[in-house]
Amino acid sequence: MNRDQPLAPRGYLPWWVLPGMAASAPVAALAGAPAVAQALFHPACAAFVISATLANCAWFGPVVTNFATPRREVWLTIDDGPDPEDTPRLLELLDAAGARATFFVIGEKARRHPALLDEIVRRGHGLGNHTQTHPVARFWASGPWAARREIERAQVDIRHSTELVRAPAGMANVFVHRAARQLGLVVVGWSIRSFDTRATSGAEVAGRLAARLAPGRIVMLHEGHRDKHGRSHHAAVISAVLEQMREGGWSAVIPPRSSWLSHGRPLAPTVNASGQRQSGGC
Ligand SMILES: [Zn+2]
């Protein structure tokens, strides 16, 4: 694996700042300084919650939300699979359009459908880690062990090499950033959220994306969701998105690492891999 730099988060807040502030508060209280205790504890809690619940927040580590390219190309990412109904249809549609995408898969689904992952890779698409159980309601509050376990177990069940991880709903708290760094993974967010799981038609999503496409954008799509009648709209959505992209002269590519990360920090979308950087997120 070609790493241009270790992912030491120079320029980001150290992971221990908030736990350290929270742990110091009782000490200050016992020492007879309740005002100091409150001044440590409440900001630490507030900063933890804010950084953990704002999607793509990059206070504690890099979050890739764009890649550098001068061309009309975007990075399609498809979350929440693999799915035995959706994945084969999406692969056919992507192939027919000459498009490549990265599938951020859930570990326990990957374990149930290993052949789908093999097929994704065989067709030239990428894989990313989307946690083992996709605990979207509570992942933001994960402690250090829970965060690492969710990501590490998925790495095992994915079986294929990947250096990418995306938190459910993009809510990566300080411990998720720490676990990603320990496991040699890069946190990937998005720059365009399609809201495709709430859409009732492919045209609705394609229309929403059309105005937002720009070189180097990362588009977040999904698979594996069903409406109240048990129907999947994902194939229709991706078909419409690919058609919209074709009409606009857009390509769907898997960009090289050098176009989205340099010296451990995300690259801005409109520059080539020349070392210019952006902090991204919040
Ligand atoms: Zn997800």
Output for Cβ contacts, cut-off 9 Å, separation at least six or different chains, first residue among the hydroxyl-bearing types (Ser, Thr, Tyr) in segment 213-235, second modelled with pLDDT of 95 or more and outside any loop (DSSP other than H, G, I, E, B), reads 232/86; 232/89
**Message:** Going residue by residue through segment 256-264, is there one that turns out to be under 30 Å from residue 19 (Cα atoms) and not in a loop (DSSP other than H, G, I, E, B)?
**Reply:** yes
When segment 188-218 is checked residue by residue, the ones that are within 14 Å of the ligand (Cβ to nearest atom) and touching a Leu at 6+ places or on another chain (Cβ under 8 Å) are 188, 194, 196
For segment 152-172, pairs from a residue that is in the same structural domain as residue 192 (by TED's automatic domain parsing) and free of Cβ contacts under 8 Å to residues at least 60 places away in the same chain to a residue that is among the basic types (Lys, Arg) and within 12 Å of the ligand (Cβ to nearest atom), with Cβ under 9 Å and 6 or more apart or across chains, are 157/109
Out of (1) closer than 20 Å to residue 234 by Cα; (2) under 19 Å from the mean Cα position of the chain (by Cα); (3) away from the ligand (no atom under 15 Å from the Cβ), the one residue 141 does not meet is (1)
Scanning segment 148-186 for residues that are of a type outside the set (Gly, Ala, Ser) and within 13 Å of the ligand (Cβ to nearest atom), the one surrounded by the fewest Cβ atoms within 10 Å (Cβ to Cβ) turns out to be 171
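The values are calculated or read from the model by the stated rules, or taken from the named source; none is laboratory data. The structure displayed is predicted, hence computed values, not measured ones. Heads up, the Cβs are rebuilt from the backbone with ideal geometry, glycines too, and the neighbour counts pull from every protein chain shown.
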